[in-house]
Amino acid sequence: MTTLRVAMIGYGFMGAAHSQGWRTAPRVFDLPAEPEMAVIVGRNAEAVADAAQKWGWAESATDWREVIARDDIDVVDIVTPGDSHTEIAIAALEAGKHVLCEKPLANAVAEAEAMAEAAGRAAARGIRAMVGFTYRRVPAVTFLRNLIAEGAVGTINQVRASYRQDWLVDPEMPLAWRLQKEHAGSGALGDIGAHAIDLAQFVTGLNLEKVSGTIDTIVKERPLLDSGSGLSGTAGAGKGQVTVDDIAIFTGRFESGALASFEASRFATGRKNALQIEVSGDKGALAFDLEDLNSVQFYDRTAPADRQGFRKILVTEAEHPYVSAWWPAGHMLGYEHGFSHQVKDFVEAIVGGTDPHPTFADGLRVQRVLDAVERSSENESAWTRVAANVPAQVS
């Protein structure tokens, strides 16, 4: 069997999640190539060595440029903050490496355009690139998308999408990199709002054409970070400015004319990781909530009036997307399984010679929506058109 030797750049929260995917996917799915967790890269030699041992990487390194230049590396997985995505991804693609890059694709449209163009050139040489909108690969989400494509809700009239968390409600939560524009690009809008945007476009098959939005920073100054892990951290001495948004609320119109409403918030008290979407059509409606990720809610308007109402479909049958490789019906999957599904699809696309989805062009499309929301907010929430031109990478 072909071996794909993987280098992962970064080792934070997403490093743990991606490691789970690389480690587990080849032991659950019959993959056409064997991913090998070759090397993990980070700036702190001791910390990245600890991560390598903990998560199962064969070795660790501190210079991503040297690792990308190695002949024995086939895949580069980027889980660093957004300010380094562009440089690493383009360098890896030009070096002939397949690239998986965490979302959002970049911190600005121009950067995302450069990445999508590089991916298009690489695709002509058989090199594949994918952006990590992992929630597409929750079985219930893929199933919901399939039902919509089959016509279950009919003509789509309205979409409601939100991603709400509350980890910043405490004003003493320290100033992590996600709260600094130079590293993160934007705040709740780009970090979690990007997921809601991608999910809405993915499940409907429609693209947003224009938006009207408002973004705001609720806590504008926070204690400086002493140490951090994942979304938590320990405060040090002094304070610094928060330079990204805490909340974004916007409406959108799809190319079909259907309307959508979006919310991205890190101040939704009591909501821990609530990514929700509801799609309403003339024949029915479908809804999903990440905090109940093994099910979808379906309303069939064509049923007799005395039998109408939302009903819960448990998405754990072997016939459902990805599920047959796991457990018997009713035995639940969790957050981490989407990362194994991501590896499965990426490896199959690499070996099959097809562009894996979401492509960098898809990531650019989301980046353009984020940019339009920001421009709208700066212009008193005026309706703002989303740029439509997309580079040549297949999408």
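The values are calculated or read from the model by the stated rules, or taken from the named source; none is laboratory data. Bear in mind that the values here come from a model prediction, so they are computed numbers and not experimental data. Cβ placement follows ideal geometry from the backbone for every residue including glycine, while neighbour counts extend to all protein chains displayed. Just so you know, the surface numbers come from the protein's heavy atoms only, side chains and all, with ligands and any DNA or RNA stripped out. Shrake-Rupley method; radii C 1.70, N 1.55, O 1.52, S 1.80 Å.
Listed values, structure above:
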| item | result |
| --- | --- |
| ARG121 being of a type in the set (D, E, K, R), within 27 Å of ALA176 (Cα to Cα) and out of contact with any Cys (no Cβ under 9 Å at 6 or more places or on another chain) | no |
| Subset of segment 1-34 [open to solvent by less than 10 Å² (accessible area, probe 1.4 Å) and part of a strand (DSSP E or B)] | VAL6, ALA7, MET8, ILE9, ALA33 |
| So PRO81, is it in contact (Cβ under 8 Å) with a residue 40 or more places away in the chain, closer than 21 Å to ALA184 by Cβ and either small (Gly, Ala, Ser) or out of contact with any Gly (no Cβ under 7 Å at 6 or more places or on another chain) (or both) | yes |
| Close pairs (9 angstrom Cβ cut-off, 6 or more residues apart or separate chains): over 17 Å from LEU208 (Cα atoms) and of a type in the set (Asp, Glu) in segment 140-168, modelled with pLDDT of 95 or more and assigned to a strand (DSSP E or B) anywhere | ASP166/SER265 |
| THR155 under 23 Å from THR359 (Cβ atoms), hydroxyl-bearing (Ser, Thr, Tyr), modelled with pLDDT of 95 or more and surrounded by fewer than 24 Cβ atoms within 10 Å (Cβ to Cβ) | no |
| Residues of segment 169-188 that turn out to be in contact (Cβ under 8 Å) with a residue 24 or more places away in the chain and open to solvent by 50 Å² or more (accessible area, probe 1.4 Å), as a count | 7 |
| Among residues of segment 347-384, those that are among the hydroxyl-bearing types (Ser, Thr, Tyr), open to solvent by 20 Å² or more (accessible area, probe 1.4 Å) and touching a strand residue (DSSP E or B) at 6+ places or on another chain (Cβ under 6 Å), counted | 2 |
| Some residue of segment 360-376 being assigned to a loop (DSSP other than H, G, I, E, B) and not hydroxyl-bearing (Ser, Thr, Tyr) | no |
| Residue in segment 331-346 that is open to solvent by 60 Å² or more (accessible area, probe 1.4 Å), at pLDDT 95 or above, on the phi < 0 side of the Ramachandran plot and polar (S, T, N, Q) present | no |
| Selected residue (criterion: most open to solvent (accessible area, probe 1.4 Å)) from residues of segment 199-222 that are among the basic types (Lys, Arg) and more than 28 Å from HIS357 (Cα to Cα) | LYS220 |
